[in-house]
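The structure under discussion appears below in the form of structure tokens.
The values are calculated or read from the model by the stated rules, or taken from the named source; none is laboratory data. From a predicted model like this one, the values you see are computed outputs, not experimental measurements. Neighbour counts are summed over all protein chains in view; Cβ atoms, including those assigned to glycine, are modelled from backbone coordinates with ideal geometry. These accessible areas exclude ligands, DNA and RNA; they are computed on the full protein's heavy atoms, side chains included. Shrake-Rupley method; radii C 1.70, N 1.55, O 1.52, S 1.80 Å.
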Amino acid sequence: MRSSMIRHLILKDWRLNRMPISLSIVLGLIALLVAQCGVEAVRLLGSVWFFISLCVLGSMLPGVAIVNERKKQTLAFVMSLPVSSVQYTIAKGLSILAMFLFPWLTLLISALVVIETRDDIPHGVIPMLIILAMLPLIGFCIMSAAALVGESEGWLMVASVLCNSSYWFAWYLLARMPSLAANWGRPVAVWNPAAFMVLSSEVGSIALIMAITFFFQSRKRDFI
Amino acid sequence: MHGGFTFSQSDKRPIYLQIMEQIKQRIAVGDWAEGQPIPSIRQLAVDLHVSVITVKRAYYELEREGIIVTQHGKGSHVASTPGLGARLHEQELEQHLEQATRIAAQLGMRPKELEDRLREAGDRLAEKDLI
Amino acid sequence: MTDLATDLAVELRGVSKKYRYFTLDNIHLKLPRGQIMGLIGANGAGKSTTIRILMGLVHQDSGEARVLGHSMPAEQVAAKWDIGFASEDMRLYDSMTLGWHMSFIQSIYSTWDSAYAHLLLKRFGLRADQKIKGLSHGQRVKAALLLVLARKPKLLVLDEPTTGLDPVARHEILRELTNVMADDSRSILFSSHNTQDVEQISDQITFIDRGRIIDSMDKEAYLDRWRRLRLEVPLGIELPALPGIIGVEQQGRLAVATANAFVPDLAQAYESTGAHVQRVENMTLEEIFIANVERSREEVEA
């Protein structure tokens, strides 16, 4: 009974948010196409666009799937079902994570395929690509946590502004790390200790954000 | 069978009294015969869209007056007392007569005047072929 | 566990909840199984908060809440399998159809009765293929009620189910609510500030005002305790204060006494002082509600 309620809620969220998900995938794929054609400037534009569409998706989903549930007052409807606030949080977290991961993975894998099939892009960029692609994922987790725990558009906006303005800074810092930047141009992907460390701290921070979210959600006494 | 019950909002009497009155009327005019089964409390409540407790009270009072009988597990029925219908009808008449007497007294009428008025009323109705 | 515990569909004992500008204070409530309770109160009296606490959506600061034998909010998941909840500030998903909502609920609850659901669609004048955002207010309320009625839950908890509805819609809903009572194992708790609806279909009445319960009891017994006595008071006679009378309004030689614990002796008590009792009238629930609230607020301020 317990797990099937969570499944029902996840499927419900997927059904409700079909539009935003499909839209972001389409936009991202277009960005990838653009990133491949001709002129260097256009290719650069394409890559930036690719990154941006991930960020946009990351900001939009928490708003659409979490804050709206409170704003549009459908939360009472969901909570009238046989679920606890913890189960709601789990279901919501999983559903939007899946909603984000699906396009994110699609785009990431497509990018990797492009790099594989084209001769003029060195494979050395792969670790960097993955590390950079993790940033919108982390940002997405932070914004979702803010939306769930903060319960308002205000908190989501604060988190959104913080994250979106931090991406570039983080990108800049990471691109400047000598141990990472050194291997950009190599024909083979190089996973050195520095790359591993960065990647694992990224994954670790996601786990930490989730734990904190659950902690606060389970302690709430007035869920509605 | 239980269609036709209506509650008037302008009637300030409690609903249970209105139910009692309408049940008595049906028995008085013979629509509900002596010994005939009547809807269960819950069933009548559902049909009339009123609370169970109100119908319960109506039935309780009716039972106290000997008009209906409720048997545990078997439902309710009109009391099998012979002549119940007529008795109720006469009770209704008594109530009207008492009220007429009261109003006449307020108006300062003497009993003889009231008698004459009653006869006149009878004549009027006979003229119109209503009795 | 004794049978006594499960004979109550809802039981609140000493429930309190403090908010910044409002406090729910020491709420006691009992609804026996198979009955309907009407919760009456002005706007902001605490009806919605009380209902949220018994649904487990809000955690009380103190006191016990038991619904269908389950302790709330700890056992809310178990309880909610058998509770149908609809509230005035609850919304369905605008972009989806009523039919989608019906399938959604049906996929969760095995007690969904398809035939009854379609009957309700007809009775309420709704269509399954309509999107929620295209419905009027009255239709939305009926749609939400359809979703809880068609599952035939053991307990219906409804926050203002008839508020803002036209008379026809109200009648339709009252009819469906009384239909529920055909099954004596099912119960309903609803809040309303429409005293007529409450008076018509409730078995139990609870009055709540400014976070406190003023009265909670059997409707017929309650209505029976209240009377208006219309008195004619000759000059020079002063009306005594009698037990069971909560207020007297006098203008010139006519007075109206309001009794909340009426016994026939009261009329005689007045007569023996020289006042003449013209009429003893029953009061509607609305009149009782207003008299009660005024009295309770005076007491608090005193």
Could you list log10 I(q)/I(0) for chain C at q = 0.07, 0.12, 0.14, 0.16 Å⁻¹, which the Debye formula gives when each Cα is one point scatterer?
-0.33, -0.84, -1.05, -1.26
Taking the Cβ of C:T163 as the centre, find all other residues whose Cβ is under 14 Å away and add up their charges (Lys, Arg: +1; Asp, Glu: -1).
-2
Where does chain A land at 222 nm, in deg cm²/dmol rounded to the nearest 500, when only DSSP H runs of n ≥ 4 count, each adding -39500 (n - 2.57), divided by all residues?
-27000 deg cm²/dmol
Sort out for me the Cα centre separation of the range A:197-223 from the range B:1-79, rounded to whole Å.
64
Bin width 10 Å, alpha-carbon pairs only: give the P(r) of chain B as whole percents, running from 0 to the bin holding the largest distance.
11, 33, 28, 19, 8, 0
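Of B:K56/C:K122; B:K24/C:K30; C:K18/C:K47; C:K47/C:K131; C:K133/C:K154, which ones are farther than 25 Å apart at the Cα? Could the numbers behind the result be given before it?
Details: B:K56/C:K122 32 Å; B:K24/C:K30 35 Å; C:K18/C:K47 14 Å; C:K47/C:K131 30 Å; C:K133/C:K154 30 Å.
Table pairs above 25 Å Cα-Cα are B:K56/C:K122; B:K24/C:K30; C:K47/C:K131; C:K133/C:K154.
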Extending each Cα 7 Å along its Cβ direction at C:S110 and A:R70, get the distance between those two points in nm, one decimal.
3.6
What does the average come to when, for each residue of peptide A:70-78, you count the partner chain Cβ atoms lying within 10 Å of its Cβ?
5
Using θ = phi - 60° and the Karplus curve 6.51 cos²θ - 1.76 cosθ + 1.60, what whole-Hz ³J(HN,Hα) does each residue of the range A:118-135 get, with Gly and Pro shown as x?
9, 7, 8, 10, x, 5, x, 7, 4, x, 5, 4, 5, 4, 5, 5, 5, 4
Report the Cα centroid-to-centroid distance between the range C:231-299 and the range A:23-72 in angstrom, as an integer.
75
Counting alpha carbon pairs within less than 8 Å and at least 6 residues apart, what relative contact order, in whole percent, applies to the range C:27-134?
19
Cα gyration tensor category, rounded, prolate or oblate, for the protein assembly as shown with a/c compared to 1.5
prolate
Report the accessible area of C:D61, computed with a 1.4 Å probe over the heavy atoms of all protein chains in place, in Å² rounded to the nearest 10.
80
Name the long-range amide H neighbours of A:D222: under 5 Å, sequence gap of 5 or more, or other chain; modelled H, no Pro or chain starts.
C:H59
Share of accessible surface on carbon and sulfur in the protein assembly as shown, whole %, 1.4 Å probe and ligands ignored, is 58
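Is the range C:65-208 best put as rounded, prolate or oblate by its Cα gyration tensor, with a ≥ b ≥ c the root eigenvalues, rounded for a/c under 1.5, and otherwise prolate when a/b is larger than b/c, oblate when not? Show your work: numbers first, answer last.
Values: a/c = 1.57, a/b = 1.15, b/c = 1.36.
The shape class here is oblate.
If you rank B:R42, B:R64 by how much accessible surface each has, with a 1.4 Å probe, what is the order from largest down?
Descending order: B:R64, B:R42.
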Return the average number of partner chain Cβ atoms within 10 angstrom of each residue Cβ along peptide C:84-91.
4
HN-Hα J in Hz across the range C:188-195 - Karplus 6.51, -1.76, 1.60, θ = phi - 60°, x for Gly and Pro
9, 10, 9, 10, 6, 10, 9, 5
Using helices alone, I'd like the mean residue ellipticity at 222 nm for chain B: each DSSP H run of four-plus residues gives -39500 (n - 2.57), total over residue count, nearest 500.
-19500 deg cm²/dmol
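Using Cα pairs closer than 8 Å and at least 6 residues apart in sequence, work out the relative contact order for the range A:2-218, in percent. Don't jump to the answer; show the numbers that get you there.
Values: 210 pairs, mean separation 54.2, N = 217.
So the answer I get is 25 percent.
Which whole number gives the average, over all residues in B:49-59, of C-beta atoms from other chains lying within 10 Å of the residue C-beta?
On the way: counts 10, 7, 16, 10, 10, 8, 0, 2, 6, 1, 0.
What the average comes to for B:49-59 is 6.
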Note to self: C-alpha centroids of the range C:81-154 and the range A:97-139 sit apart, in Å, by 44
So how much accessible area does C:D25 have, in Å² to the nearest 10, using a 1.4 Å probe?
70
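Which FRET efficiency value, to the nearest 0.05, do you get for A:R15 and C:D89 by plugging their Cβ-Cβ distance into 1/(1 + (r/R0)^6) with R0 = 25 Å?
Values: r = 24 Å, r/R0 = 0.95.
The calculated FRET efficiency here is 0.55.
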Sorted by chain and number, the residues with a modelled amide H under 5 Å from that of C:E88, at a separation of 5 or more or across chains, are C:D159
Based on the mean of other beta carbon atoms within 10 Å per residue, what is the order of A:175-186, C:226-237, most packed first?
C:226-237, A:175-186
Sequence-distant residues sharing a close amide H with C:V10 (under 5 Å, placed H):
C:L31, C:L68
Could you run the Karplus curve 6.51 cos²θ - 1.76 cosθ + 1.60 with θ = phi - 60° over the range B:107-114 and give me ³J(HN,Hα) per residue in whole Hz, x for Gly and Pro?
7, x, 6, 8, x, 4, 4, 4
If you take the square roots of the eigenvalues of the alpha-carbon gyration tensor of the range A:2-218 and sort them as a ≥ b ≥ c, do you get rounded (a/c under 1.5), prolate (a/b over b/c) or oblate?
prolate
Along the charge dipole of chain A, which of A:I90, A:P20, A:N164 sits closest to the positive end, that is, farthest toward it, with unit charges on the beta carbon of Lys, Arg, Asp and Glu (+1, +1, -1, -1)?
A:I90
Of B:95-106, C:116-127, ordering from highest average Cβ density within 10 Å down gives C:116-127, B:95-106
Note on the range A:139-218: contact order normalised by length, alpha-carbon pairs under 8 Å, 6 or more apart, percent, works out to 38
Count the DSSP beta bridges whose two residues both fall in chain C, then state the antiparallel fraction as a percent rounded to the nearest 5.
70
